[in-house]
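Report on the structure given below.
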Amino acid sequence: MHSVTVRLQHSLAHALRRASIERSLHYDEPYTQQAIVEAALTAWLKQHGCSSHE
């Protein structure tokens, strides 16, 4: 696994944090900020024809 650091707009970071907390409280996967971002980025890359290598 490689590490990448990104900066997010305050409102986006806040929404991610809130989604993570709400999903965790309801035991909905994915619920960690890391897992949510990975799922979203994987979907975006797939939609735009980029392959992901695991």
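The table below lists the values:
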| item | result |
| --- | --- |
| Of Leu12, His2, Pro30, farthest towards positive along the dipole that unit charges on Lys, Arg, Asp, Glu beta carbons give the chain | Leu12 |
| Whole-Å semi-axes of the ellipsoid equivalent to the range 6-54 (Cα gyration tensor, √5λ, descending) | 22, 15, 8 |
| Charge context of Leu16, other residues only, Cβ under 13 angstrom, K/R +1, D/E -1 | +2 |
| Listed peptides 36-43, 5-12 by packing density, highest first (mean Cβ within 10 Å) | 36-43, 5-12 |
| In degrees, nearest ten, helix 10-25 long axis to first principal axis of the chain (Cα) | 70 |
| The chain - charge dipole about Cα centre, Lys and Arg +1 at Cβ, Asp and Glu -1, debye rounded to 20 | 240 |
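Readers should treat all values here as calculations from the given coordinates under stated rules, not as data from a laboratory. Only a predicted model underlies this, so the values are computations on that prediction, with no experimental measurement involved. Cβ: placed from backbone, ideal geometry, glycine included. Neighbour counts: every protein chain shown.
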